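Before any comments, here is the structure.
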Amino acid sequence: MRSIQKTGTKGTGGKLDRSRTTGARYMLLRPAGYPLKSMFQEHPAVSDPRLFERYAREQWYGEVVKPGCYLFDRRLYPDFAFKVVRVYPRVSVVGSETNIVVEQKVEKTKAVNDVRFDQVVGQNMAKRKVKVIERFLQDPDKFGKWAPRNVLFYGASGTGKTLIARALSTEAKVPMLPIKATSLIGEFVGEGSRQIHSLYERAEQEAPCIIFIDELDAIALDRRYQELRGDVSEVVNALLTEMDGLHMRSGVCTIAATNKIEFLDSSIRSRFEEEIEFKLPNQEERLALLELNVKTMPVPVETVDLKKVAAITEGFSGRDLVEKVLKVARHQAIMDECSITQAMLEDSVKRVKKDVKEPPGEMFT
């Protein structure tokens, strides 16, 4: 591995003692522009983050960096400046393994007004609890240190965790930045952690807003239940760092969702100050869900007894009712070129129950 060269410290705002610094692990840059304006100067844009990272390492190798200092391009766009927004350790040296990320220009987004709390069937306790988050997002400064920074949604799959988060975004009139934890596990170590840091930087620009991390268990399972890979460890460390630092970001709330709360690593679960449970719908709620969705069916529906369907679907989630009962019956009606019948609905229910009861093939012989 190359040793750190003791070359100039251009852009650091003063000379620093390299003997007391270590190699930077992570550095976030923000394009700052040229020191002088000219109509002939082209403004550079990063087309490939990986290529830029290699380009940046080579030309700034050995530079001492700290937050607030500037690095100047010396090759393709001479004297174009990049401001160092964040670096870890705080005062360190650009090395051959420094992860370098350029902050991208973020277009302001608006909450998509497609779901409201009164359109969500059931989950009354969850809707009541997220009212606190709604009030916080509407007036972050009022809450101060009592702000709901990190909240965990948990419960069976298909019970409306994402739906409530979307409704919260709509009601509070703030953007929601969603990400699936499974997408953070990449081929290269450091890839997922960069996505996390970039996500929180974007949230800081768009605040007040919601960060919604779905399928948290993909990265946050207790070590006893997963093979601990390097990329997963990096992602978890990055996430914990950002969650711990949310008190520095006014108006940002992290909401994570999981259907395996009992398997979460305790160090991650402890970061959430509030846990909100999502329960399977009861019979009355199942009936309301069926009635609501039958109205939007694109094929005719005969006179059916939805109360009976609700009674025989105990243990079904809202998603089960829509995707595995109503949608399957609809497909059957389209194939048979007829209306949806009671028999079709009940047959769909029987299929679901059969799939649940039938054990998978023998794992060991």
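So here's what we get for this one:
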read-out: Aspartates and glutamates with Cα under 15 Å of Lys307, excluding same-chain neighbours fewer than 8 positions away; value: Glu284, Glu285, Glu291, Glu346
read-out: Above-threshold pairs, the threshold being 19 Å between Cα atoms, out of Lys308/Lys350; Lys83/Lys145; Lys161/Lys279; value: Lys83/Lys145
read-out: Rg and Dmax of the stretch 18-102, Cα atoms only, in Å; value: 12.7, 43
read-out: Candidate aspartates and glutamates - alpha carbon under 12 Å from Lys353, same-chain residues fewer than 8 apart omitted; value: Glu314, Asp320
read-out: Extension reserve of the Lys354-Glu273 stretch, reckoned as 0.36 nm per residue once the Cα distance is removed; value: 25.2 nm
read-out: Per-residue ³J(HN,Hα) for the stretch 58-67, Karplus 6.51 cos²θ - 1.76 cosθ + 1.60, θ = phi - 60°, Hz, x for Gly and Pro; value: 5, 7, 10, 4, x, 6, 7, 10, 7, x
read-out: Fully extended contour minus Cα-Cα distance, from Arg30 to Glu314, at 0.36 nm per residue; value: 96.9 nm
read-out: Alpha-carbon centroid distance for the pair the stretch 295-344 / the stretch 270-290, whole angstrom; value: 22 Å
read-out: Full-stretch length increase - Gln283, Trp146 - with 0.36 nm per residue and alpha-carbon distance subtracted; value: 45.6 nm
read-out: Pairwise FRET efficiency - Lys180 versus Glu291, Cβ, R0 = 41 Å, nearest 0.05; value: 0.85
read-out: At R0 = 56 Å, FRET efficiency that the Cβ-Cβ distance of Lys260 and Arg86 yields, to 0.05; value: 0.95
read-out: FRET efficiency, 1/(1 + (r/R0)^6) with R0 56 Å, evaluated for Thr241 and Ser339 via beta carbons; value: 0.50
read-out: Cut-off 13 Å between beta-carbons: net charge of the residues surrounding Asp336, Lys and Arg +1, Asp and Glu -1; value: -2
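Bear in mind that the values in this text are calculations on the coordinates, not laboratory data. Given the structure is predicted, the values throughout are model-derived calculations rather than measurements. Note that each Cβ is placed from the backbone with ideal geometry, even for glycine, and that neighbours are counted across all protein chains shown.
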